[in-house]
Amino acid sequence: MPGRDNHRGMMLKEWILKIQQDSDHYCSNTWKYHISGNVLELSILPQFTKNKQVYRSSVITIGQVLRAISCKIEDAESHFLIQSFPSIESPEIIASIRMDKNSYHNDSFPSCDPEYDKTSMLSRVETISGLYQFSLKKSDPPEDQFIPEGVDKNNHTWYALISKFDNPFTWLNVGYWKETLLRGCREQLETQKPPNLIDFCKCNTANRPVWKLPDNGKLQALIAIEK
């Protein structure tokens, strides 16, 4: 019904505005939103669609936003449906998420066993990475330009997050993975401090480092776990 859709639209707007305010985490300067009824559409600003590095980073961020919004929808005891990359002719439109009270559709994200976060940090990262179809490989530390401020590269064990493919659908999944690892859903991960992640979205360089990976895997991120 139109009235209920408008109410859901108001809820979506409240949530997305709060997300935009957290600009350090959600990098809100490269993407925008549009709400129509009970549907939230997320797109990249047109001036960034031809910059591959910014485009990749923006898709990752939108993945984070979708994950965060989906949790809010579930908290409201509603359902959601995500449609990714709906138009080849409009590469700036990344995805839309629809909020319904009663729907047999539910674009669910993978969930972890409630006991997993009581194990080691490495086990936690391995579990979440596997759920999102990524693998981990122990790695040497990266060059200094990639290391976040305050992270002692010699006091951490480094792991590469590896994917089989390297395309916008992969990057969206990196965003889901990143948000799950750093923020969780419904505060279920607060018992552990998140690891340090490098997804090559806030670096001075425009490119990910080129490393030889097993089975021609694609490097998506680096994880630093304190020794």
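Laid out as a table, the results:
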{"quantity": "Those lysines that a straight Cα-Cα span of less than 25 Å connects to Lys193, excepting residues fewer than 8 apart in one chain", "calculated": "Lys18, Lys72, Lys118, Lys137, Lys138, Lys153, Lys178, Lys202, Lys227"}
{"quantity": "Taking the C-alpha atoms of segment 116-226, convex hull volume expressed per residue in Å³", "calculated": "110 Å³"}
{"quantity": "Rg and Dmax [Cα atoms of segment 38-78; Å; Rg one decimal, Dmax integer]", "calculated": "12.7, 39"}
{"quantity": "Given charges at beta-carbon only (K, R positive; D, E negative), |dipole| of the chain in Debye", "calculated": "340 debye"}
{"quantity": "Amide H contacts of Ser139 (H built 1.01 Å from N, under 5 Å, at least 5 apart or other chain)", "calculated": "Trp158, Tyr159, Ala160"}
{"quantity": "Alpha-carbon Debye profile of segment 2-100, log10 I(q)/I(0) at 0.15, 0.21 Å⁻¹", "calculated": "-0.56, -1.05"}
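No lab work stands behind these numbers, since they all come straight from the coordinates. In this text, all values refer to a predicted model and were calculated from it rather than measured experimentally. All Cβ positions, glycine included, derive from the backbone under ideal geometry; neighbour counts span all protein chains shown.
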